[in-house]
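Note sheet for the following structure.
The values are calculated or read from the model by the stated rules, or taken from the named source; none is laboratory data. For clarity, every value in this text was computed on a predicted model and none was experimentally measured. For neighbour counting, all protein chains shown are included, and Cβ atoms are generated from backbone atoms with ideal geometry for every residue, glycine included.
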Amino acid sequence: MRALRTALLVILVSLGFLAGYFAGWRAHGDDAVRLTADERDAAAQAGELHQRIIEELQGRYYREVDPEALSTKGIDGMLKSLDDPYTAYLSPSDTKKLEEQTEGEYSGIGAALQKKDGGLLITSVFDGSPAKSAGLGPGDVIVAVDGETTEGEALEASVARIKGKPGTEVTLTVRKKGAEKAESITLTRKTIPIPQTRTEMLEAGRDDVGYVQLYEFAGSAGDDVRDEVDKLEEKGADWIVLDLRYNGGGLLSEAVDVTGVFVEGDIVSTKGLNSPLEVFRSDETPATDLPVVVLTNGYTASASEIVTGALRDRERATVIGETTFGKGVVQSIVPLGNGASLKLTTATYYTPAGTNIDKKGIKPDIKAPDDPKTKKDETLDRALAYIAAR
């Protein structure tokens, strides 16, 4: 498990693409699936039907057919019927590209993505990135890469097509937020250093406020937030504001560690039909007992929602902003033995109060949307006003 998390860290940091997608990922290799006799019979009958149809097409169809292509399309259709954007078949080439992303340094456009509504939703872009320079931003949807649609394609496969060597070009078909028509934008790939945190001291009435913005849950997020909170408290902070807006998530282990900066005990649990209950907790001594405000918006997702839900359920923080994204499920990667793999949802995660936030998100205690058309940060201003009034 730890090796997988370390590998996924490399993907998050070097690409800036898959933030928000790995909270709760698990790898399954040699542990064979256990089925009842009836379940095995049902699977065998379905497989025989699949084979019979391909054989009939090979022997009777009026044109030549490709059995491998038919099989892949059949798998894609089968998985699509689950109505689960996170479950997908990864071909041998897709799987190889995913494995390659865990080694060395890779470049891309510098945008964090989530799979949504048949396309790739941009949840954040990074300063100095090609995406930022091209005017892309949260809420924009990538519907095609180099002319090929992203609909029905696994996130990993789309990401593999977007990434590439620095200096090479990629053409994206993008539907801007609020627009009806899509437009083509060509970007030159670039290696983007992604910051982990940003901090500053703010004032709210008579109180000094330590502000920490966390960009992603990579391999040192917990340690980084702990260090920053220690420094802010040494500077005299009376409150801590943890800004998780536009944070698409990252590693489950780091979500637990970040939450552990503020509270000890149970953080999140996972359970599925075939996955036993598993409780994740922090046994670390919290770094501070200062009151906390968490800032959220519609792009606060996955690991960010784990932290938000835990801190609120444990009555450790007030949540201010907008309802979060609503990704509350766990994925596993299963090798299929032919170089391909299956990424499937295996469990749902629950906040300490037992809440499942999938497709619902977490509603803030105080609703305070930010207006992107103004230079002001209305959400942060509302948080500072709340602190000043306490």
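A few points about this structure:
- Some residue of region 354-362 being over 20 Å from Y246 (Cβ atoms), buried (at least 23 other Cβ atoms within 10 Å of the Cβ) and within 24 Å of the chain's Cα centre (by Cα): no
- Scanning region 33-86 for residues that are among the hydroxyl-bearing types (S, T, Y) and assigned to a helix (DSSP H, G or I), we see that the one that is modelled with the highest pLDDT is S71.
- Region 87-124, subset among the hydrophobic types (A, V, I, L, M, F, W, C) and over 19 Å from G167 (Cα atoms), residue modelled with the lowest pLDDT: L98
- Verdict on F262 being crowded, with 22+ Cβ neighbours inside 10 Å, touching a residue at least 40 places away in the same chain (Cβ under 8 Å), touching a helix residue (DSSP H, G or I) at 6+ places or on another chain (Cβ under 7 Å) and closer than 25 Å to A388 by Cβ: yes
- Meets criteria (farther than 21 Å from A204 by Cα and not polar (S, T, N, Q)) for V329: yes
- Inspection of region 134-155 identifies at least one residue that is farther than 29 Å from D370 by Cα, crowded, with 21+ Cβ neighbours inside 10 Å and among the β-branched types (V, I, T).
- In region 177-200, residue modelled with the lowest pLDDT [restricted to those that are exposed (fewer than 13 other Cβ atoms within 10 Å of the Cβ) and within 28 Å of T149 (Cβ to Cβ)]: G178
- Hits in region 265-293 - residues which are surrounded by fewer than 23 Cβ atoms within 10 Å (Cβ to Cβ) and either within 20 Å of W239 (Cβ to Cβ) or β-branched (V, I, T) (or both): T270, V279, T285, P286, A287, T288, D289, L290, P291, V292
Conditions tested, residue by residue: (1) in contact (Cβ under 8 Å) with a residue 24 or more places away in the chain; (2) farther than 24 Å from P138 by Cβ; (3) buried (at least 16 other Cβ atoms within 10 Å of the Cβ).
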| position | (1), (2), (3) |
| --- | --- |
| L295 | yes, no, yes |
| V307 | yes, no, yes |
| G321 | yes, no, yes |
| Q331 | yes, no, yes |
| P352 | yes, yes, yes |
| R382 | yes, no, yes |
| A385 | yes, yes, no |
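- Just one of the listed residues (E151, E156, E180) is part of a loop (DSSP other than H, G, I, E, B), within 21 Å of the chain's Cα centre (by Cα), over 16 Å from T123 (Cβ atoms) and not small (G, A, S), namely E151.
- For region 139-160, the tally of residues that are charged (D, E, K, R) and within 20 Å of I333 (Cα to Cα) stands at 2.
- V174 surrounded by 19 or more Cβ atoms within 10 Å (Cβ to Cβ), in contact (Cβ under 8 Å) with a residue 12 or more places away in the chain, over 23 Å from P372 (Cα atoms) and over 17 Å from the mean Cα position of the chain (by Cα): no
- Scanning region 275-296 for residues being assigned to a loop (DSSP other than H, G, I, E, B) and in contact with a Ser or Thr (Cβ under 7 Å, 6 or more places away or on another chain) gives a total of 0.
- Filter result for G135 (modelled with pLDDT of 90 or more, outside any strand (DSSP E or B) and farther than 24 Å from Q196 by Cβ): yes
To keep it simple, each residue is scored yes or no on (1) in a loop (DSSP other than H, G, I, E, B); (2) among the β-branched types (V, I, T); (3) touching a Phe, Trp or Tyr at 6+ places or on another chain (Cβ under 9 Å); (4) modelled with pLDDT of 95 or more.
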{"site": "L202", "(1), (2), (3), (4)": "no, no, yes, yes"}
{"site": "G210", "(1), (2), (3), (4)": "no, no, yes, yes"}
{"site": "V229", "(1), (2), (3), (4)": "no, yes, yes, yes"}
{"site": "L242", "(1), (2), (3), (4)": "no, no, yes, yes"}
{"site": "T259", "(1), (2), (3), (4)": "no, yes, no, yes"}
{"site": "F262", "(1), (2), (3), (4)": "yes, no, no, yes"}
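- Of all residues making up region 298-355, the number that are touching a Gly at 6+ places or on another chain (Cβ under 7 Å), of a type outside the set (D, E, K, R), under 18 Å from G248 (Cα atoms) and assigned to a loop (DSSP other than H, G, I, E, B): 8
- Consider region 105-133 and keep the residues that are in contact with a Pro (Cβ under 9 Å, 6 or more places away or on another chain) and of a type in the set (K, R). The one that is surrounded by the most Cβ atoms within 10 Å (Cβ to Cβ) is K115.
- From V330, V293, residue being among the hydrophobic types (A, V, I, L, M, F, W, C), within 20 Å of D224 (Cβ to Cβ) and touching a helix residue (DSSP H, G or I) at 6+ places or on another chain (Cβ under 9 Å): V293
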